[in-house]
Amino acid sequence: MSDQPVSDRPAPAGASPASAAFRFAVHVMPKAGILDPQGRAVERSMPHLGVTEVRDVRVGRRVELTVRAADETAARAIVERLATELLANPLIESYAVTLIGAVAGGAGAGGAGAATAIGAGAVTPIGAGPEGGA
């Protein structure tokens, strides 16, 4: 792995000079009906903090990534593939993909001169992966 911040790395081999960068978030959650021991532990701990109004806690994770592609559609296709094949286990988890925005300057997040996301998010609902259910 490189110690170089993502925003300072050169474009990957084969990336078109006309490509743009898009920032996405992938939200991964346990599917309904799947045991969620972490969510259950959080829920059981709340009364110790004096919180008794909260129920049905589910714990998931959020993965953010910047994708260089010719356009938003191509970038989203890459993220959908990663979500289905790498980031979520389709047997027990569902996911939602959110476009955070196009990245000014085509760079990634973080590091000196970090780019900022422009625009706000189109969402692929949890469970609505490319085959209609992830």
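A short reminder: the numbers here are calculations on the coordinates, not readings from a lab. All figures in this text were calculated on a predicted structure; none of them were measured in a lab. With ideal geometry, Cβ positions are generated from the backbone for all residues, glycine too; neighbour counts draw on all protein chains shown.
Show me the ranking of peptides 30-42, 49-61, 92-104, 72-84 by mean Cβ neighbours inside 10 Å, starting with the highest. Could the numbers behind the result be given before it?
On the way: 30-42: 13.0, 49-61: 10.4, 92-104: 19.5, 72-84: 17.4.
Descending mean neighbour count gives 92-104, 72-84, 30-42, 49-61.
Of Glu85, Glu43, how do they rank once you tally other Cβ atoms within 10 Å and put the fewest first?
Glu85, Glu43
Would you calculate the separation in nanometres between label points at Val59 and Leu86, each defined as 7 Å from the Cα along the Cα-to-beta-carbon direction?
Computed distance between label sites Val59 and Leu86 equals 2.5 nm.
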